[in-house]
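Each remark here refers to the structure printed beneath this line.
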Amino acid sequence: MANTPASVEDVAGGLQSVGYLPGESTALVSYLATKLGKPVLVEGPAGVGKTELAKALAKYLQRRLVRLQCYEGLDEAKALYEWNYRKQLLRIQAEAEGTGWQAVQDDIFGEEFLLARPLMTAIAAAEPVVLLIDEIDKTDQEFEAMLLELLSDFQISVPELGRIEARTRPVAVLTSNNSRELTEALKRRCLYLWLDYPDLEHELQIVRLHAPELDETVARKLTEVVHQVRELDLKKPPSIAESIDWARTLLLLGATDIDHDTFIETMSVIVKHRTDLDTVAARVGVALQQADAAA
Ligand SMILES: Nc1ncnc2c1ncn2[C@@H]1O[C@H](COP(=O)(O)OP(=O)(O)OP(=O)(O)O)[C@@H](O)[C@H]1O
Ligand SMILES: [Mg+2]
């Protein structure tokens, strides 16, 4: 049986129970999405849990997750539906000689000959799903325009068939890394959630959740160091994903403290640009060395 949350706290608890620790606004917006039936646009830097939120919602709501991964050049045939040409061809061949063109045409443009792609799958599903439209900013504006019809009316127009109405309404989550500004029209139809790097305590909880065996003092120091690294002017600041990777790395290496040497040895898990490595080694590495010396 699918879950229907009764309050924001419900959603917060539900997401936690499936391993996602939501901030306040995340829980609120997720709750509203399930109640108002509006899509959620989640924006924020890489690795802060945008995609994971949709996955966690699906788990918690006990709905199937239908995912559309966006990329440059994504078109309707890959996102909405395609005609199954091979099947149509077979049908044409199988039609008795002498069948009129009209009869054949009526025949081969039926739903039976459609190949549903994620967007159509999502609204045609008998049970409501969670629809993840991941990295929408990678597509072009024409694609966005097509999405608008779907997101506002929950229907798809197939020229040969007419309108296909949604059987069920998905909870839709759109994510964006902000690589281009999305249109106002799209934003207007969505609830908006800005996901940023979490504060220290929140991130510590997330790290502990993903690497529970890591000693708490090490986990805390890790989180503090990551926060220091984020303060620097880097090409690519470390995300939650990197904090988690680092925690697992330290666990594997059996580290009991993050001293200067451990840091230098493992910092490439959280910093992934040549120039960033130099900056971080100089600033954070040196600070750790001084702390080691003082201890
Ligand atoms: N609030 C959270 N609770 C639990 N785990 C989290 C949370 N936020 C992020 N994570 C973890 O961080 C990792 C990265 O999350 P995710 O892949 O969703 O990032 P993203 O924002 O979609 O990044 P990108 O923009 O690169 O696609 C995942 O392993 C996820 O489990
Ligand atoms: Mg993602």
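Here are the numbers:
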| read-out | value |
| --- | --- |
| Values of log10 I(q)/I(0), in the order q = 0.13, 0.22 Å⁻¹, for region 1-117 under a Debye, Cα-only, solvent-free model | -0.68, -1.19 |
| In nm, spacing of pseudo-spin labels at residue 248 and residue 261 (7 Å Cα→C-beta vector) | 2.7 |
| Region 1-67 - convex hull of alpha carbons, volume per residue in Å³ | 88 |
| Crossing angle, helix 141-153 versus the chain [Cα axis fit, 0-90 degrees, rounded to tens] | 70 |
| Footprinting exposure proxy for 146, 267 (fewest neighbouring C-beta atoms within 10 Å first) | 146, 267 |
| Solvent-free Debye scattering, log10 I(q)/I(0), computed from the Cα coordinates of region 131-252 at q = 0.13, 0.15 Å⁻¹ | -0.71, -0.81 |
| Segment residue 168-residue 187, extension gain: residue separation times 0.36 nm, minus the distance between their alpha carbons | 4.6 nm |
| Ranked 187, 50, criterion: other C-beta atoms within 10 Å, fewest first | 187, 50 |
| At R0 = 35 Å, FRET efficiency that the Cβ-Cβ distance of residue 232 and residue 9 yields, to 0.05 | 0.40 |
| Separation between Cα centres of region 47-80 and region 194-223, rounded to whole Å | 26 |
| Under the Karplus curve 6.51 cos²θ - 1.76 cosθ + 1.60, θ = phi - 60°, whole-Hz ³J(HN,Hα) for region 267-283, x wherever Gly or Pro sits | 5, 5, 6, 10, 10, 10, 10, 3, 5, 4, 4, 4, 4, 5, 4, 5, 8 |
| Shape category assigned to region 231-295 from the gyration tensor of Cα positions, a/c cut at 1.5 | oblate |
| Radius, Kirkwood style, for the chain when every pair of distinct Cα atoms is counted (Å) | 21.9 |
| ³J(HN,Hα) computed for each position of region 99-111 - Karplus, 6.51 cos²θ - 1.76 cosθ + 1.60, integer Hz, glycine/proline x | 5, x, 4, 4, 5, 5, 4, 4, 5, 8, 10, x, 4 |
| For 225, 158, 42, order by how many other beta-carbon atoms lie within 10 Å, fewest first | 158, 225, 42 |
| Value at 222 nm in deg cm²/dmol, rounded to 500, when DSSP H runs of n ≥ 4 in the chain each add -39,500 (n - 2.57) | -14500 deg cm²/dmol |
| 14 Å beta-carbon shell around residue 8, net charge (K/R +1, D/E -1) | -2 |
| Between 0 and 90°, nearest 10: helix 216-231 axis offset from the chain longest Cα axis | 80 |
| Fraction of beta bridges assigned by DSSP in the chain that are antiparallel (%, nearest 5) | 30 |
| Difference of contour (0.36 nm per residue) and Cα-Cα distance, residue 287 to residue 85 | 66.3 nm |
| Length-normalised contact order for the chain - Cα pairs under 8 Å, 6+ apart - percent | 21 |
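Values quoted throughout were computed directly from the atomic coordinates according to the rules given, and no laboratory measurement underlies them. The structure displayed is predicted, hence computed values, not measured ones. Using ideal geometry, Cβ is built from the backbone for each residue, glycine included, and neighbour counts are taken over all protein chains shown.
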